[in-house]
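Have a look at the structure below, then the notes.
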Amino acid sequence: MQVYAFVYRPGEAWSDSGHTNPDFGTKLSEAMGIADADKRSDIMANLKAMLQSSGTIIQPFWMGQYLHNVAEVKNFFGHKFREMYL
């Protein structure tokens, strides 16, 4: 929530995204006034949807990466780009 306030609220110093939606700022202020995370979650979901639909952010995701090999294969390691150098 603090990141939204710093980066996406219109007029903030770190708002490098150029996002200027006054409705977003109003809803964010409302969300910041709610201390209970469960009560705040609906508003935060709405804010995330607003950012995604406007193209302001692309929501990242992370995948687990696994490496399988046997002891007979020597000098094999996981490369950060998932390339195989055997």
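Within the stretch 11-39, residues that are more than 16 Å from Ala49 (Cα to Cα) and modelled with pLDDT of 75 or more reach partners that are surrounded by 12 or more Cβ atoms within 10 Å (Cβ to Cβ) and of a type in the set (D, E, K, R) with beta carbons closer than 7 Å, at six or more positions or on different chains, in the pairs Ile34/Arg40. Within the stretch 29-80, which residues are of a type in the set (Asp, Glu), outside any loop (DSSP other than H, G, I, E, B) and exposed (fewer than 10 other Cβ atoms within 10 Å of the Cβ)? Within the stretch 29-80, Asp38 is the sole residue that qualifies.
The values are calculated or read from the model by the stated rules, or taken from the named source; none is laboratory data. Predicted model only: the values in this text are computed from it and were never measured. Counting neighbours? That spans all protein chains shown, and the Cβs are built from the backbone with ideal geometry, glycine included.
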